[in-house]
Amino acid sequence: MNVIPPIPNSLEQHWMPFTSNRHFKANPRILTGAQGMYYTTDHGDQVIDGSAGLFCVAAGHGRREIAEAVNEALTKMDYAPPFQYGHPASFEMARRLAQVTPGDLNHFFFSNSGSEAVETALKIALSYHKCKGEGQRLRMVGRERAYHGVNFGGLTVAGILNNKKAFGLGLPGACHMRHTHLPEHDYVQGQPETGAELADDLQRFVDLHGGDSIACCIVEPIAGSTGVLVPPQGYLKRLREICDAHGILLIFDEVICGFGRTGKQFGADAFDVVPDMITMAKALTNGVVPMGAVACRDHIYETITEATAGNGIELFHGYTYSGCPVASAAGLATRNIFEDEDLVGNAAKMTPKFQEALFSLRDLPVVTNIRGYGLLGGVDLAPAEAPGARGLQATQDFYDAGLIVKMTGDCALVSPPLICNDDHIDEIFGKMRTVLTRH
(Lines give C-alpha, C1' and ligand atoms only; values in the text may rest on other atoms or scores of the structure.)
Protein backbone atom coordinates (compact mmCIF):
# COMPACT_ATOMS: atom_id res chain seq x y z
CA MET A 1 0.00 0.00 0.00
CA ASN A 2 1.42 3.35 -1.04
CA VAL A 3 1.10 6.07 1.61
CA ILE A 4 0.86 9.57 0.25
CA PRO A 5 3.09 11.84 2.34
CA PRO A 6 1.45 14.91 3.83
CA ILE A 7 1.80 18.09 1.84
CA PRO A 8 3.86 20.62 3.77
CA ASN A 9 2.02 23.75 4.82
CA SER A 10 2.56 26.74 2.55
CA LEU A 11 2.09 30.40 3.38
CA GLU A 12 1.91 31.51 -0.23
CA GLN A 13 -1.72 30.90 -1.15
CA HIS A 14 -3.28 32.94 1.67
CA TRP A 15 -3.56 36.67 0.85
CA MET A 16 -3.61 38.12 4.35
CA PRO A 17 -5.74 41.16 5.28
CA PHE A 18 -4.20 44.45 6.46
CA THR A 19 -0.81 42.73 6.45
CA SER A 20 2.55 43.30 4.82
CA ASN A 21 2.40 39.88 3.16
CA ARG A 22 6.00 39.80 1.95
CA HIS A 23 7.34 40.87 5.34
CA PHE A 24 5.16 38.41 7.24
CA LYS A 25 5.93 35.42 5.05
CA ALA A 26 9.65 36.07 5.39
CA ASN A 27 9.35 35.97 9.20
CA PRO A 28 5.92 34.60 10.14
CA ARG A 29 4.26 35.07 13.50
CA ILE A 30 2.12 31.95 13.86
CA LEU A 31 -0.29 31.42 16.76
CA THR A 32 -1.38 27.85 17.49
CA GLY A 33 -3.33 28.02 20.74
CA ALA A 34 -4.90 30.39 23.24
CA GLN A 35 -6.10 30.29 26.84
CA GLY A 36 -7.07 33.08 29.19
CA MET A 37 -4.83 36.08 28.59
CA TYR A 38 -2.24 34.21 26.50
CA TYR A 39 -1.57 32.86 23.03
CA THR A 40 0.80 29.98 22.29
CA THR A 41 3.08 30.30 19.27
CA ASP A 42 4.23 27.58 16.88
CA HIS A 43 7.50 27.55 18.86
CA GLY A 44 5.63 26.80 22.08
CA ASP A 45 6.15 30.27 23.58
CA GLN A 46 3.52 32.09 25.64
CA VAL A 47 2.53 35.55 24.36
CA ILE A 48 0.31 37.82 26.43
CA ASP A 49 -2.58 39.31 24.49
CA GLY A 50 -2.43 43.08 24.93
CA SER A 51 -5.09 43.83 22.32
CA ALA A 52 -7.85 41.26 23.04
CA GLY A 53 -7.19 39.76 19.62
CA LEU A 54 -8.49 42.64 17.53
CA PHE A 55 -10.41 44.29 20.40
CA CYS A 56 -12.81 41.33 20.38
CA VAL A 57 -11.77 38.70 22.95
CA ALA A 58 -13.22 40.55 25.93
CA ALA A 59 -13.84 37.43 28.04
CA GLY A 60 -10.42 35.94 27.43
CA HIS A 61 -9.44 33.00 25.27
CA GLY A 62 -10.51 29.38 25.38
CA ARG A 63 -13.90 29.83 27.05
CA ARG A 64 -15.39 26.35 27.24
CA GLU A 65 -18.84 27.81 27.86
CA ILE A 66 -18.84 29.32 24.38
CA ALA A 67 -17.33 26.25 22.72
CA GLU A 68 -19.94 24.00 24.32
CA ALA A 69 -22.79 26.30 23.33
CA VAL A 70 -21.54 26.39 19.74
CA ASN A 71 -21.16 22.62 19.66
CA GLU A 72 -24.68 22.13 21.01
CA ALA A 73 -26.11 24.54 18.44
CA LEU A 74 -24.32 22.80 15.57
CA THR A 75 -25.49 19.41 16.78
CA LYS A 76 -29.10 20.55 17.06
CA MET A 77 -29.41 22.65 13.89
CA ASP A 78 -26.54 23.63 11.64
CA TYR A 79 -28.30 26.40 9.74
CA ALA A 80 -31.65 28.16 9.51
CA PRO A 81 -32.52 30.57 6.66
CA PRO A 82 -33.04 34.08 8.06
CA PHE A 83 -35.28 35.25 5.20
CA GLN A 84 -38.93 34.49 6.07
CA TYR A 85 -37.88 31.90 8.68
CA GLY A 86 -36.50 32.13 12.19
CA HIS A 87 -35.00 30.16 15.04
CA PRO A 88 -35.25 30.79 18.79
CA ALA A 89 -31.65 31.78 19.51
CA SER A 90 -31.57 34.93 17.36
CA PHE A 91 -34.72 36.26 19.01
CA GLU A 92 -33.30 35.49 22.43
CA MET A 93 -30.04 37.20 21.46
CA ALA A 94 -31.93 40.35 20.51
CA ARG A 95 -33.87 40.25 23.77
CA ARG A 96 -30.69 39.91 25.82
CA LEU A 97 -29.02 42.76 23.98
CA ALA A 98 -32.03 45.01 24.60
CA GLN A 99 -31.37 44.57 28.31
CA VAL A 100 -28.01 46.36 28.08
CA THR A 101 -28.42 48.94 25.31
CA PRO A 102 -29.24 52.48 26.44
CA GLY A 103 -32.56 54.26 26.01
CA ASP A 104 -35.04 52.69 23.63
CA LEU A 105 -32.52 51.01 21.32
CA ASN A 106 -34.59 47.85 21.47
CA HIS A 107 -34.50 46.46 17.91
CA PHE A 108 -31.56 44.58 16.40
CA PHE A 109 -30.60 43.75 12.83
CA PHE A 110 -27.88 41.11 12.70
CA SER A 111 -24.92 41.04 10.34
CA ASN A 112 -21.62 39.16 10.21
CA SER A 113 -19.11 41.89 11.05
CA GLY A 114 -18.68 45.48 12.07
CA SER A 115 -18.23 46.51 8.44
CA GLU A 116 -21.59 44.96 7.57
CA ALA A 117 -23.19 46.52 10.64
CA VAL A 118 -22.11 49.96 9.40
CA GLU A 119 -23.46 49.26 5.90
CA THR A 120 -26.72 48.15 7.47
CA ALA A 121 -27.00 51.25 9.65
CA LEU A 122 -26.43 53.55 6.69
CA LYS A 123 -29.09 51.72 4.67
CA ILE A 124 -31.52 51.86 7.56
CA ALA A 125 -30.96 55.61 7.85
CA LEU A 126 -31.74 56.16 4.16
CA SER A 127 -34.77 53.87 4.31
CA TYR A 128 -36.10 55.55 7.45
CA HIS A 129 -36.14 58.99 5.87
CA LYS A 130 -37.69 57.68 2.67
CA CYS A 131 -40.45 56.04 4.67
CA LYS A 132 -41.08 59.40 6.35
CA GLY A 133 -41.49 61.08 2.99
CA GLU A 134 -38.04 62.69 3.18
CA GLY A 135 -36.24 60.73 0.50
CA GLN A 136 -34.17 63.79 -0.37
CA ARG A 137 -32.04 63.12 2.72
CA LEU A 138 -29.15 61.37 1.00
CA ARG A 139 -26.08 63.00 2.53
CA MET A 140 -24.12 61.11 5.16
CA VAL A 141 -21.70 62.82 7.52
CA GLY A 142 -18.57 61.09 8.83
CA ARG A 143 -15.34 62.34 10.31
CA GLU A 144 -11.67 62.60 9.45
CA ARG A 145 -9.52 59.80 10.91
CA ALA A 146 -12.61 57.65 11.42
CA TYR A 147 -12.70 53.91 10.79
CA HIS A 148 -16.05 52.38 9.85
CA GLY A 149 -15.03 49.10 8.26
CA VAL A 150 -14.02 48.28 4.72
CA ASN A 151 -17.22 48.16 2.64
CA PHE A 152 -18.04 51.02 0.31
CA GLY A 153 -20.54 52.77 2.55
CA GLY A 154 -18.22 52.54 5.54
CA LEU A 155 -15.24 53.70 3.48
CA THR A 156 -17.27 56.67 2.25
CA VAL A 157 -17.99 58.01 5.73
CA ALA A 158 -14.60 56.95 7.13
CA GLY A 159 -11.54 59.16 7.06
CA ILE A 160 -8.32 57.12 7.00
CA LEU A 161 -6.51 57.86 3.74
CA ASN A 162 -4.74 54.57 3.13
CA ASN A 163 -7.98 52.64 3.53
CA LYS A 164 -9.72 54.77 0.88
CA LYS A 165 -7.31 55.99 -1.75
CA ALA A 166 -7.13 52.82 -3.88
CA PHE A 167 -10.89 52.33 -4.16
CA GLY A 168 -12.33 55.31 -5.95
CA LEU A 169 -14.65 58.09 -4.86
CA GLY A 170 -17.11 56.13 -2.76
CA LEU A 171 -20.77 57.09 -2.46
CA PRO A 172 -21.70 60.62 -3.53
CA GLY A 173 -22.63 63.44 -1.17
CA ALA A 174 -20.63 62.50 1.92
CA CYS A 175 -19.24 65.20 4.21
CA HIS A 176 -16.49 64.86 6.79
CA MET A 177 -16.16 66.73 10.05
CA ARG A 178 -12.70 67.52 11.33
CA HIS A 179 -11.14 65.05 13.75
CA THR A 180 -10.78 66.00 17.40
CA HIS A 181 -7.03 65.37 17.77
CA LEU A 182 -5.79 68.84 18.77
CA PRO A 183 -2.21 69.73 19.78
CA GLU A 184 -3.29 70.74 23.27
CA HIS A 185 -4.63 67.22 23.82
CA ASP A 186 -1.16 65.68 24.00
CA TYR A 187 -0.82 63.37 27.03
CA VAL A 188 -4.35 64.16 28.22
CA GLN A 189 -5.81 61.23 30.14
CA GLY A 190 -9.53 60.80 29.58
CA GLN A 191 -11.65 63.47 27.90
CA PRO A 192 -9.92 66.69 26.83
CA GLU A 193 -11.46 69.91 28.14
CA THR A 194 -11.19 71.70 24.79
CA GLY A 195 -12.50 70.90 21.33
CA ALA A 196 -16.27 70.56 21.82
CA GLU A 197 -16.75 73.30 19.22
CA LEU A 198 -15.51 70.91 16.53
CA ALA A 199 -18.98 69.36 16.65
CA ASP A 200 -20.22 72.55 15.02
CA ASP A 201 -18.76 71.24 11.76
CA LEU A 202 -22.05 69.35 11.51
CA GLN A 203 -23.93 72.64 11.84
CA ARG A 204 -21.78 74.09 9.05
CA PHE A 205 -22.91 71.27 6.76
CA VAL A 206 -26.50 72.00 7.75
CA ASP A 207 -25.99 75.66 6.86
CA LEU A 208 -24.25 74.80 3.59
CA HIS A 209 -26.40 71.94 2.29
CA GLY A 210 -29.60 72.22 4.32
CA GLY A 211 -30.41 70.06 7.29
CA ASP A 212 -33.15 68.35 5.32
CA SER A 213 -30.54 66.91 2.92
CA ILE A 214 -28.63 65.01 5.63
CA ALA A 215 -29.70 61.49 6.56
CA CYS A 216 -27.24 60.64 9.30
CA CYS A 217 -24.06 61.47 11.16
CA ILE A 218 -21.85 58.54 12.17
CA VAL A 219 -18.99 58.71 14.67
CA GLU A 220 -17.06 56.39 16.92
CA PRO A 221 -17.54 57.63 20.51
CA ILE A 222 -13.82 56.92 20.87
CA ALA A 223 -12.06 56.81 17.51
CA GLY A 224 -10.31 53.49 17.98
CA SER A 225 -8.32 52.18 15.04
CA THR A 226 -6.89 55.59 14.20
CA GLY A 227 -5.18 55.81 17.60
CA VAL A 228 -7.69 56.17 20.46
CA LEU A 229 -9.01 59.70 20.07
CA VAL A 230 -11.15 60.38 23.14
CA PRO A 231 -14.01 62.87 22.53
CA PRO A 232 -13.69 66.33 24.08
CA GLN A 233 -16.05 67.11 26.92
CA GLY A 234 -19.44 68.11 25.51
CA TYR A 235 -18.56 67.12 21.93
CA LEU A 236 -20.93 64.17 21.58
CA LYS A 237 -23.75 66.00 23.35
CA ARG A 238 -23.39 68.87 20.90
CA LEU A 239 -23.67 66.43 17.98
CA ARG A 240 -26.83 65.05 19.57
CA GLU A 241 -28.30 68.55 19.87
CA ILE A 242 -27.60 69.41 16.24
CA CYS A 243 -29.04 66.10 15.01
CA ASP A 244 -32.19 66.61 17.08
CA ALA A 245 -32.65 70.13 15.79
CA HIS A 246 -32.53 69.04 12.14
CA GLY A 247 -33.97 65.53 12.11
CA ILE A 248 -30.62 63.85 11.47
CA LEU A 249 -30.02 60.33 12.76
CA LEU A 250 -26.99 59.98 15.03
CA ILE A 251 -25.14 56.67 14.71
CA PHE A 252 -22.49 55.53 17.18
CA ASP A 253 -20.03 53.00 15.78
CA GLU A 254 -19.23 51.01 18.93
CA VAL A 255 -17.59 48.00 17.31
CA ILE A 256 -14.47 48.65 19.41
CA CYS A 257 -15.62 50.57 22.48
CA GLY A 258 -18.90 48.71 23.07
CA PHE A 259 -19.37 45.94 25.65
CA GLY A 260 -17.34 47.26 28.53
CA ARG A 261 -14.22 48.67 26.95
CA THR A 262 -14.98 52.10 28.49
CA GLY A 263 -15.92 50.70 31.90
CA LYS A 264 -19.58 51.02 30.93
CA GLN A 265 -21.66 48.82 28.64
CA PHE A 266 -21.30 51.26 25.73
CA GLY A 267 -19.58 54.52 24.94
CA ALA A 268 -23.09 55.96 24.85
CA ASP A 269 -23.34 55.17 28.56
CA ALA A 270 -19.85 56.45 29.35
CA PHE A 271 -20.50 59.81 27.70
CA ASP A 272 -24.23 60.02 28.57
CA VAL A 273 -25.48 60.42 24.99
CA VAL A 274 -28.13 58.14 23.48
CA PRO A 275 -27.73 57.81 19.69
CA ASP A 276 -30.39 56.63 17.25
CA MET A 277 -28.40 53.57 16.26
CA ILE A 278 -25.40 51.66 17.61
CA THR A 279 -23.27 49.36 15.49
CA MET A 280 -21.59 46.50 17.32
CA ALA A 281 -19.54 43.35 16.63
CA LYS A 282 -16.19 42.01 17.95
CA ALA A 283 -16.93 41.34 21.67
CA LEU A 284 -20.51 40.43 20.75
CA THR A 285 -19.40 36.78 20.48
CA ASN A 286 -16.00 37.16 22.17
CA GLY A 287 -14.49 36.94 18.69
CA VAL A 288 -15.38 33.25 18.44
CA VAL A 289 -17.85 33.43 15.54
CA PRO A 290 -18.32 36.38 13.16
CA MET A 291 -21.36 38.42 14.17
CA GLY A 292 -22.38 42.06 14.04
CA ALA A 293 -25.55 43.94 14.85
CA VAL A 294 -27.25 47.30 14.58
CA ALA A 295 -29.32 48.45 17.53
CA CYS A 296 -32.11 50.83 16.51
CA ARG A 297 -34.43 53.02 18.50
CA ASP A 298 -38.06 52.00 18.55
CA HIS A 299 -39.26 54.79 16.27
CA ILE A 300 -36.83 53.78 13.51
CA TYR A 301 -38.04 50.18 13.47
CA GLU A 302 -41.67 51.21 13.69
CA THR A 303 -41.41 53.84 10.95
CA ILE A 304 -39.90 51.39 8.48
CA THR A 305 -42.02 48.36 9.32
CA GLU A 306 -45.28 50.31 9.34
CA ALA A 307 -44.63 52.11 6.04
CA THR A 308 -45.18 49.03 3.88
CA ALA A 309 -48.76 48.11 3.05
CA GLY A 310 -49.99 44.59 3.63
CA ASN A 311 -47.44 41.86 4.28
CA GLY A 312 -44.68 43.10 2.00
CA ILE A 313 -41.00 43.07 2.90
CA GLU A 314 -40.19 46.35 4.63
CA LEU A 315 -36.39 46.47 4.25
CA PHE A 316 -34.75 44.82 1.26
CA HIS A 317 -31.50 44.05 3.00
CA GLY A 318 -29.93 41.13 4.83
CA TYR A 319 -27.23 38.47 4.86
CA THR A 320 -27.27 34.71 4.44
CA TYR A 321 -25.85 34.32 7.93
CA SER A 322 -27.78 37.10 9.74
CA GLY A 323 -28.22 35.84 13.31
CA CYS A 324 -27.33 32.27 12.29
CA PRO A 325 -27.69 29.56 14.97
CA VAL A 326 -24.00 29.14 15.75
CA ALA A 327 -23.33 32.90 16.03
CA SER A 328 -26.41 33.39 18.20
CA ALA A 329 -25.32 30.54 20.46
CA ALA A 330 -21.87 32.09 20.83
CA GLY A 331 -23.41 35.47 21.53
CA LEU A 332 -25.75 34.13 24.21
CA ALA A 333 -22.93 32.26 25.93
CA THR A 334 -20.84 35.44 25.82
CA ARG A 335 -23.72 37.40 27.37
CA ASN A 336 -23.85 34.86 30.20
CA ILE A 337 -20.12 35.24 30.88
CA PHE A 338 -20.35 39.04 30.88
CA GLU A 339 -23.14 38.93 33.44
CA ASP A 340 -21.91 36.07 35.62
CA GLU A 341 -18.39 37.47 35.91
CA ASP A 342 -19.31 41.17 35.78
CA LEU A 343 -16.74 41.88 33.11
CA VAL A 344 -17.92 45.47 32.69
CA GLY A 345 -17.45 45.99 36.41
CA ASN A 346 -13.96 44.50 36.24
CA ALA A 347 -13.09 46.82 33.37
CA ALA A 348 -14.13 49.79 35.50
CA LYS A 349 -12.16 48.40 38.45
CA MET A 350 -8.99 47.91 36.39
CA THR A 351 -9.17 51.25 34.59
CA PRO A 352 -7.13 53.33 37.13
CA LYS A 353 -4.32 50.76 37.15
CA PHE A 354 -4.37 50.46 33.36
CA GLN A 355 -4.34 54.21 32.77
CA GLU A 356 -1.53 54.77 35.27
CA ALA A 357 0.57 52.09 33.59
CA LEU A 358 -0.27 53.43 30.13
CA PHE A 359 0.84 56.99 30.93
CA SER A 360 3.94 55.76 32.76
CA LEU A 361 5.48 55.26 29.29
CA ARG A 362 5.62 58.99 28.62
CA ASP A 363 9.24 59.28 29.76
CA LEU A 364 10.51 57.09 26.90
CA PRO A 365 12.23 59.12 24.15
CA VAL A 366 10.51 57.22 21.34
CA VAL A 367 7.02 57.99 22.75
CA THR A 368 5.55 61.21 21.35
CA ASN A 369 2.00 61.11 22.76
CA ILE A 370 -0.39 58.97 24.81
CA ARG A 371 -4.20 58.90 24.98
CA GLY A 372 -6.49 56.65 26.95
CA TYR A 373 -9.92 55.94 28.34
CA GLY A 374 -11.16 52.86 30.20
CA LEU A 375 -9.21 49.79 29.09
CA LEU A 376 -8.19 51.41 25.81
CA GLY A 377 -4.95 53.23 25.13
CA GLY A 378 -2.97 54.66 22.23
CA VAL A 379 0.79 55.25 22.32
CA ASP A 380 2.30 57.24 19.44
CA LEU A 381 5.86 56.39 18.47
CA ALA A 382 8.28 58.68 16.66
CA PRO A 383 8.38 57.76 12.95
CA ALA A 384 11.48 56.07 11.59
CA GLU A 385 12.72 56.23 7.99
CA ALA A 386 9.16 56.08 6.63
CA PRO A 387 5.68 56.33 8.18
CA GLY A 388 4.71 52.97 9.64
CA ALA A 389 8.21 51.51 9.51
CA ARG A 390 8.76 51.77 13.24
CA GLY A 391 5.30 50.34 13.89
CA LEU A 392 6.03 47.31 11.73
CA GLN A 393 9.32 46.71 13.52
CA ALA A 394 7.60 47.20 16.88
CA THR A 395 5.05 44.53 15.96
CA GLN A 396 7.89 42.03 15.57
CA ASP A 397 9.80 43.26 18.61
CA PHE A 398 6.74 43.07 20.87
CA TYR A 399 6.03 39.55 19.62
CA ASP A 400 9.61 38.44 20.23
CA ALA A 401 9.29 39.83 23.77
CA GLY A 402 6.11 37.80 24.39
CA LEU A 403 3.49 40.48 23.77
CA ILE A 404 0.84 41.17 21.12
CA VAL A 405 -0.11 44.82 20.62
CA LYS A 406 -2.13 46.11 17.68
CA MET A 407 -0.15 48.66 15.66
CA THR A 408 -1.83 51.22 13.42
CA GLY A 409 0.98 52.90 11.56
CA ASP A 410 3.30 54.09 14.32
CA CYS A 411 0.67 53.98 17.06
CA ALA A 412 0.45 51.10 19.53
CA LEU A 413 -3.13 50.30 20.53
CA VAL A 414 -3.51 48.56 23.88
CA SER A 415 -6.84 46.93 24.81
CA PRO A 416 -6.45 43.81 26.97
CA PRO A 417 -9.27 41.33 27.60
CA LEU A 418 -11.65 42.55 30.30
CA ILE A 419 -10.63 39.62 32.51
CA CYS A 420 -7.21 41.20 33.10
CA ASN A 421 -5.82 41.74 36.59
CA ASP A 422 -2.97 43.79 38.09
CA ASP A 423 -0.32 41.24 37.17
CA HIS A 424 -1.43 41.13 33.53
CA ILE A 425 -1.29 44.92 33.26
CA ASP A 426 2.16 44.97 34.84
CA GLU A 427 3.34 42.33 32.38
CA ILE A 428 1.91 44.10 29.32
CA PHE A 429 3.41 47.47 30.10
CA GLY A 430 6.63 46.02 31.48
CA LYS A 431 7.23 44.33 28.14
CA MET A 432 6.21 47.47 26.25
CA ARG A 433 8.74 49.47 28.24
CA THR A 434 11.51 46.94 27.61
CA VAL A 435 10.89 46.94 23.86
CA LEU A 436 10.38 50.69 23.45
CA THR A 437 13.48 51.50 25.48
CA ARG A 438 15.47 49.85 22.69
CA HIS A 439 13.77 51.85 19.90
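The values are calculated or read from the model by the stated rules, or taken from the named source; none is laboratory data. Quick caveat, the model's predicted, so the values are computed rather than measured. A quick note on method: Cβ atoms are made from the backbone with ideal geometry, for glycine too, and the neighbour counts reach across all protein chains shown. In case anyone asks, the SASA skips ligands and DNA or RNA and just uses the protein heavy atoms, side chains included. Shrake-Rupley method; radii C 1.70, N 1.55, O 1.52, S 1.80 Å.
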Practice item. Would you mind stating whether Asp45 is open to solvent by 20 Å² or more (accessible area, probe 1.4 Å) and under 28 Å from Gly378 (Cα atoms)? Key: yes
**Study point:** Pair list, Cβ under 9 Å, 6 or more apart: the stretch 33-48 residue closer than 12 Å to Pro416 by Cα and in contact (Cβ under 8 Å) with a residue 24 or more places away in the chain, other residue of a type in the set (A, V, I, L, M) and in a strand (DSSP E or B)
**Key:** Met37/Ile48; Ile48/Leu403; Ile48/Ile404
Study note, to complete from the structure: Per the filter on the stretch 218-272, residues open to solvent by less than 10 Å² (accessible area, probe 1.4 Å), closer than 25 Å to Thr285 by Cα and in a helix (DSSP H, G or I) are Gly267, Ala268
Practice item. Filter the stretch 286-308 down to the residues that are closer than 30 Å to Pro352 by Cβ and in contact with a Cys (Cβ under 8 Å, 6 or more places away or on another chain), then identify the one that is surrounded by the most Cβ atoms within 10 Å (Cβ to Cβ). Key: Asn286
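Under the condition of being outside any strand (DSSP E or B) and aliphatic (A, V, I, L, M), which residue from the stretch 163-180 is least open to solvent (accessible area, probe 1.4 Å)?
My answer is Ala174.
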Check your understanding: Is it true that Arg371 is charged (D, E, K, R), more than 30 Å from Gln84 (Cα to Cα), open to solvent by 60 Å² or more (accessible area, probe 1.4 Å) and in contact (Cβ under 8 Å) with a residue 60 or more places away in the chain?
Key -> no
Exercise for review: Among the candidates Asp380, Asp410, single out the residue that is open to solvent by 10 Å² or more (accessible area, probe 1.4 Å) and in contact with a Cys (Cβ under 7 Å, 6 or more places away or on another chain).
Suggested key: Asp380
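Results for (1) open to solvent by less than 30 Å² (accessible area, probe 1.4 Å); (2) of a type in the set (D, E, K, R); (3) assigned to a strand (DSSP E or B), shown as yes or no for each residue.
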site	(1), (2), (3)
Pro102	yes, no, no
Asn106	no, no, yes
Phe110	yes, no, yes
Ser127	yes, no, no
Arg145	no, yes, no
Val150	no, no, no
Gly159	yes, no, no
Study note, to complete from the structure: Residue set Thr320, Thr305; condition in a loop (DSSP other than H, G, I, E, B) and farther than 25 Å from His61 by Cα; output residue Thr320
Revision key, fill the gap. Selection from the stretch 181-212 of residues assigned to a helix (DSSP H, G or I) and open to solvent by less than 20 Å² (accessible area, probe 1.4 Å) yields His185, Leu198, Ala199, Asp201, Leu202, Val206, Gly211
